[in-house]
Amino acid sequence: MRLYNSLSRTLEDVAPLQQGHVTMYTCGPTVYRYAHLGNLRTFMLADLIRRSLEFEGLAVTQVMNITDVGHMTDESSPEAIDKMLLAMEDEGLAPAEIAEKYTAAVFADAAALGIRPADRNPKATEHVQEMIDLTQTLVERGHAYVVDSGSVYYDVTSFPGYGALSGNTLDNLREGHRDLETDSRKRNAADFALWKAAGPGRLMKWDSPWGEGFPGWHVECSAMSMKYLGERFDVHTGGTDLRFPHHEDEIAQSEGAVGHPVVSIWVHGGHLRLSGQKIAKSTGNVVRVHELEERGLDPLSFRWLTFQTRYRSEMDFTWDAMEDADRRVKQLRRHMAEWAPAAAELGPAAHGFDARFREAVASDLDLPTAVVIVNELDHSTQVPPGEKYALLASWDHVLGLDLEREATSGWRPSSEMEALMRERDAARAGKDYATSDRIRDELAAMGLEVMDTAEGTKVRPRD
């Protein structure tokens with residue numbers, strides 16, 4: 001499998017450090033509010049990479065963190081408000097209860113979208129000591145310094161490769177840049193916090209060698225990724241908005257601490273947009289999973305919708321496109337029910353389709369091409385029904401659309417329905433179209449979709 005490495009800006013083979021076993025870290029949710037489809041598209045990227053690698057026969061260990069430490073709106077201002085404190089005031093819950101509530105919610109939403117759980121979901125609050133230890137290492141190695149307030153900053157000039165991931169140069173990073181906190185005690189405008197002294201508005205704080213405070217946002221991913229995956233691992237995923245400052249700072253922290261590259265391939269997903277604006281909590285421009293369900297749409301159909309666009313590109317969400325995706329997924333499931341059972345062996349034409357699908361997936365997750373191949377297979381007259389079923393059932397290990405749902409649901413028409421179907425077939429054979437239409441209406445009144453096929457009348461439950 002080949003993935004676009006955001007650091008080298010080239011397609012690279014996924015060549016696991018441990019033969020046959022890929023290690024992957026995913027930047028996870030911040031759990032003080034509900035996740036939206038933009039967040040979940042990013043998490044789906046990691047899910048697709050994992051599914052695709054497993055499809056190739058590789059084992060995958062995935063770690064995704066949970067950020068349950070509240071962060072300041074402006075971390076260097078004494079008037080800054082802890083986001084967990086805001087949530088607590090809104091909802092009357094303790095920080096741990098807020099974190100637990102929204103962690104459970106994001107896991108439920110992810111499951112509804114077919115995103116499989118990571119092998120580990122370490123919480124930031126349970127790894128503060130690891131963050132303190134990492135910060136101490138960086139101070140000892142000359143990459144970080146302590147200011148009189150008890151805060152600790154990373155000196156970006158100590159790391160020559162700073163800016164390589166995002167393309168930002170130190171000359172362009174001035175005080176007041178929207179991604180940089182301001183603090184007159186910093187040596188350089190681009191220096192970032194590893195540990196912050198707790199101000200009066202701080203709810204979540206811990207003891208440290210520098211006094212009472214809390215970890216900077218970026219340090220948690222360095223500490224937890226290396227704790228669970230080691231000082232070298234294969235793939236790191238996240239949204240494109242995390243390239244700077246989060247992932248840029250993570251590289252500086254991790255490599256500054258261990259003295260060598262840690263991540264082999266950095267993979268970033270594009271934004272999801274609604275009405276031309278990025279879907280984000282900060283703008284209130286969000287769509288959540290439950291809104292799909294309230295409109296009668298299967299959340300798994302969101303996967304098919306995202307497959308129309310390369311993962312690195314921005315994608316526009318519209319309800320019309322979402323409804324089209326839902327209709328197509330349900331149509332494919334019905335076709336699978338008609339094609340069942342799966343053939344035991346594939347013929348030459350089916351093998352050709354399989355090779356094309358596998359190449360598309362392996363080529364930096366080229367899912368738009370994979371969608372074209374699925375649609376071509378659906379309409380192919382060269383591949384028998386049972387072989388179509390076998391192929392789509394196999395491909396669904398990557399697609400995650402539950403395409404076998406109807407085929408394996410066990411639904412069968414009742415004896416009354418079957419009698420009406422036989423009566424209708426007889427009426428059609430005798431060209432008694434009035435009777436045929438009347439029976440169609442009777443079957444439709446039973447909640448059935450009526451189909452005319454070469455084998456006669458067939459029915460299935462209406463969606």
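The values are calculated or read from the model by the stated rules, or taken from the named source; none is laboratory data. These figures come from a predicted structure and were not determined experimentally. With ideal geometry, Cβ positions are generated from the backbone for all residues, glycine too; neighbour counts draw on all protein chains shown. Quick note on the areas: whole protein, heavy atoms, side chains included, nothing else; ligands and nucleic acids left out. Shrake-Rupley method; radii C 1.70, N 1.55, O 1.52, S 1.80 Å.
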Handout entry: Complete set of residues in segment 171-224 that are modelled with pLDDT of 90 or more and of a type in the set (Val, Ile, Thr)
Key = 219
Exercise for the section: Would you check if there is a residue in segment 222-240 being touching a residue at least 12 places away in the same chain (Cβ under 8 Å), aromatic (Phe, Trp, Tyr) and in contact with a strand residue (DSSP E or B) (Cβ under 9 Å, 6 or more places away or on another chain)? Expected result: yes
Handout entry: Complete set of residues in segment 119-176 that are under 26 Å from residue 212 (Cβ atoms), assigned to a helix (DSSP H, G or I) and without any contact (Cβ under 8 Å) to a residue 24 or more places away in the chain
Key = 126, 129, 139, 140
Problem - Of all residues making up segment 239-248, the number that are among the acidic types (Asp, Glu) and within 17 Å of residue 26 (Cβ to Cβ) - result: 1
Fill in the blank from the handout: The residue from 217, 266 that alone is part of a loop (DSSP other than H, G, I, E, B), out of contact with any Cys (no Cβ under 8 Å at 6 or more places or on another chain), among the aromatic types (Phe, Trp, Tyr) and closer than 24 Å to residue 158 by Cα is 217
Exercise for the section: For segment 441-455, name all the residues that are open to solvent by 60 Å² or more (accessible area, probe 1.4 Å) and either over 30 Å from residue 297 (Cα atoms) or assigned to a helix (DSSP H, G or I) (or both). Expected result: 441, 442, 445, 454, 455
Exercise for the section: Could you list all residues from segment 314-356 that are open to solvent by less than 40 Å² (accessible area, probe 1.4 Å) and of a type in the set (Lys, Arg)? Expected result: 328, 330, 333, 334
Problem - Single condition residue 397 does not satisfy, out of (1) under 22 Å from the mean Cα position of the chain (by Cα); (2) open to solvent by less than 70 Å² (accessible area, probe 1.4 Å); (3) touching a residue at least 40 places away in the same chain (Cβ under 8 Å) - result: (2)
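Every residue, every condition in (1) assigned to a helix (DSSP H, G or I); (2) farther than 19 Å from residue 334 by Cα; (3) not polar (S, T, N, Q), yes or no:
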| site | (1), (2), (3) |
| --- | --- |
| 398 | yes, yes, yes |
| 407 | no, no, yes |
| 436 | yes, yes, no |
| 439 | yes, yes, yes |
| 457 | no, no, no |
